Amino acid sequence: MVLVLTAASLAATVGRGPASTDTRNSGTFRVAFPAFSSSFDPALSYSVEGWTVLSATCARLMTNPDKPLPDGFRVVPEVAAAAPKPTKGGRAWTFRLRSGFRFSDGAPVRASAFEQAIYRTLAPGIESAGAQYTGAIVGAGAVQRGETSDVAGVTATGLVLTVRFTHPVPDFPAQTTMPFFCAVPPNLPSDPEGVSKFPSAGPYYVSDYRAGQRAVLDRNRYYGGKRPHHVDRFVIDLDASSAMRSSIASSAAPSNGEPLARRTSQIRSAGSLPSTASTGRSSSSSRASPSAPSCSIRRVASSATTPGCGRR
């Protein structure tokens, strides 16, 4: 995958060192995905590239810190005000949400945003890999059969979300770090083809999406969290040119699944800019883009199955 930072907006910082605050808070980060044909819909995305983008747009109940490993594998609250404690022997989890999180259209994030995220993994006609994590919620089967649109085991009231399972699920808080559980607008429809452009509650949102061509991520000016969001915009080429593909194919892939961890980290932190940003020049680097994620990396998020390595 080719990553290019264009720093035209940083021209005024010429001569300043890479530690300058100005060079870390503007500019455009350009990313190329060779022939990307997946979706940025949280319910459907199950690829390295899709999860990398969603890591920049998602706000989740629990998340992994934007820190180097092993700290980056810890499970910490994001929209949740604190880590939840299980009840009913691990068959029920109650999350109390922070106030102040908003979608990119200004709407507040309530518990109903996560209720809808869960429903969308179970909606009839939606083949979501997330159903392997939500299928044990009370009433999930009735939703999947089209008998109801209400998941009986999910209760959303204001800033309080309760999820009840048919059996103990001790690692559910860690599961909520996956994109399947991204906060989505409560009225976001389910579409078998995926919905890739909608208001997001993370540091960025998809402001433009052209299937098979490009996607643009802009800063969410209403973002209420603490995650890094230094650059102004991501421009993603969803069908890299043949020249880019040749460059990608010829580059050596780091071993042990390193590309996945590093690609996700780059977009999540969006602050470790190349030192050439301070000169106003563009910089680029090439990395191999495997046709399938390496299963030697066991997780994209703590306790989350790496796309392509889990159950289908």
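The values are calculated or read from the model by the stated rules, or taken from the named source; none is laboratory data. As the structure is a computational prediction, the values presented were derived from the model and not from experiment. Ideal geometry is used to build each Cβ from the backbone, glycine not excepted, and the neighbour counts take in all protein chains shown.
Pick from region 198-223 the residues that are touching a residue at least 24 places away in the same chain (Cβ under 8 Å) and among the basic types (K, R): which of them is nearest to L61 (Cα to Cα)? Among them, the one singled out is R221. Look at region 219-237 and say how many of its residues are crowded, with 18+ Cβ neighbours inside 10 Å and acidic (D, E). Selection size over region 219-237: 1.
Within region 167-182, can you find the residues that are part of a loop (DSSP other than H, G, I, E, B) and closer than 16 Å to A59 by Cβ? T176, T177, M178, C182 - these are the residues of region 167-182 that are part of a loop (DSSP other than H, G, I, E, B) and closer than 16 Å to A59 by Cβ.
Condition test on L97, is it of a type outside the set (D, E, K, R), at pLDDT 90 or above and either over 19 Å from R214 (Cβ atoms) or touching a strand residue (DSSP E or B) at 6+ places or on another chain (Cβ under 7 Å) (or both)?
Numbers: of a type outside the set (D, E, K, R): yes; at pLDDT 90 or above: yes; either over 19 Å from R214 (Cβ atoms) or touching a strand residue (DSSP E or B) at 6+ places or on another chain (Cβ under 7 Å) (or both): yes.
Spelling it out, L97 is indeed of a type outside the set (D, E, K, R), at pLDDT 90 or above and either over 19 Å from R214 (Cβ atoms) or touching a strand residue (DSSP E or B) at 6+ places or on another chain (Cβ under 7 Å) (or both).
The residues in region 144-159 that are crowded, with 17+ Cβ neighbours inside 10 Å and not β-branched (V, I, T) can be counted, and the count is 4.
Annotation: of all residues in region 73-126 being hydrophobic (A, V, I, L, M, F, W, C) and in a helix (DSSP H, G or I), the one that is nearest to A156 (Cα to Cα) is A111. Taken together, the criteria place S37 among residues that are of a type in the set (S, T, N, Q), within 21 Å of the chain's Cα centre (by Cα) and at pLDDT below 75. Considering V169, V235, the condition of being farther than 26 Å from T28 by Cα and either in contact with a Pro (Cβ under 6 Å, 6 or more places away or on another chain) or touching a residue at least 24 places away in the same chain (Cβ under 8 Å) (or both) is satisfied by V169 alone.
The set of residues in region 138-166 being in contact with a Leu (Cβ under 8 Å, 6 or more places away or on another chain), more than 18 Å from C58 (Cα to Cα) and in a strand (DSSP E or B) consists of V154, T155, V160.
Give, as residue ranges, the strands (runs of 3 or more DSSP E) completely inside region 192-282 that count at least 1 residues that are under 19 Å from S38 (Cα atoms) and either small (G, A, S) or at pLDDT below 50 (or both).
Details: elements: 204-210, 214-219, 233-237.
Because the criterion is at least 1 residues that are under 19 Å from S38 (Cα atoms) and either small (G, A, S) or at pLDDT below 50 (or both), the strands (runs of 3 or more DSSP E) in region 192-282 that meet it are 204-210, 214-219.
Reported count of residues in region 161-185, each being under 18 Å from the mean Cα position of the chain (by Cα) and surrounded by fewer than 22 Cβ atoms within 10 Å (Cβ to Cβ), is 2.
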